[in-house]
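The values are calculated or read from the model by the stated rules, or taken from the named source; none is laboratory data. Not measured: the values here are computed from a predicted model. Counting neighbours? That spans all protein chains shown, and the Cβs are built from the backbone with ideal geometry, glycine included. The area values use the complete protein model at the heavy-atom level, side chains included, leaving out ligands, DNA and RNA. Shrake-Rupley method; radii C 1.70, N 1.55, O 1.52, S 1.80 Å.
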Amino acid sequence: MNRELVSFALALQFLTRLPIDVGQHYSPELFARSVRFYPLAGAVIGALGALIYVLCSTVFPHAVAVVCSLVGLLLITGAFHEDGLADCFDGLGGGADRATKLHIMRDSRLGTYGTLALISTLALRGSLLISFPASLVAWALILGHSLSRLSAVFVIHGSSYARDEGTGKPVAHALDGASFSFAIASGGILLLLGTIAAGLPALVSATLGLVLGHAVLRRWIEGQLGGYTGDTLGAIQQVSELGFLLGWLAWL
């Protein structure tokens, strides 16, 4: 099997619960290399959510179809990034120092800060998508999921891993210049396709919203931890996606 195809399959395997098995083709090197495919994997995830929305909208009202899509996406991803968001906010909100914050993030129990973060982001995401015209929901899902994962790739490239070990450690030093450029190009092509459907001003506004969400949360995380963890990457993805949707809807 082609090495690039294996890496792409590993990106989907890591970011979703889709039944993907590369078998004997797996290697730590290819898994580390899979980070370059995160934006494309995000586009696939968003496309599946869009498909659920389109199918449900043939039977149910717009708002119900959006909620069905969001529930479907939680099942597809196993709430992978939502779990990271909750752990991140529990740790940063409840820890008095860096070591305690990192320890709390490893605790499987859900605390007040994580619960509130989950409720707030899920409610906001749902209300944003319900407010979109039906013709743009599919694009919002595809682009939001793709570019928010590119946002996480920027953190991996530009920051340092805050733990000695963890789920994000294998890819922490694997993003070379070529892989980073490939990830940016992937996201850029998808964004260009989105401008054809939605118009340049709307997508510029959406991208500015994503950049703002990324910058604010990343500054807070790195100020607290001096780097990132797998959980904080999940939080970055979630907040970047919300920023993208907020920026787009602000223009609309």
Task: Restricting the range 206-252 to residues that are open to solvent by 30 Å² or more (accessible area, probe 1.4 Å) and aromatic (Phe, Trp, Tyr), the residue that is nearest to PHE14 (Cα to Cα) - done: TRP220
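Quick one: which helices (runs of 4 or more DSSP H) sit completely within the range 1-92 and have at least 2 residues that are farther than 25 Å from LEU175 by Cα and within 15 Å of the chain's Cα centre (by Cα)?
The helices (runs of 4 or more DSSP H) meeting that bar are 38-57, 62-77.
Out of all the residues in the range 18-59, which are surrounded by 14 or more Cβ atoms within 10 Å (Cβ to Cβ), over 18 Å from TRP139 (Cα atoms) and of a type outside the set (A, V, I, L, M)? Spell out the reasoning first.
Taking the range 18-59 as the starting set, the residues that turn out to be surrounded by 14 or more Cβ atoms within 10 Å (Cβ to Cβ) are 18, 22, 25-27, 30-57.
With over 18 Å from TRP139 (Cα atoms) added as a condition, the list becomes 18, 22, 25-27, 30-37.
Once the filter is applied, which keeps residues that are surrounded by 14 or more Cβ atoms within 10 Å (Cβ to Cβ), over 18 Å from TRP139 (Cα atoms) and of a type outside the set (A, V, I, L, M), the range 18-59 yields HIS25, TYR26, SER27, PHE31, ARG33, SER34, ARG36, PHE37.
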Task: Residue ID - most open to solvent (accessible area, probe 1.4 Å), chosen from residues in the range 66-99 that are among the charged types (D, E, K, R) and free of Cβ contacts under 8 Å to residues at least 60 places away in the same chain - done: ASP97
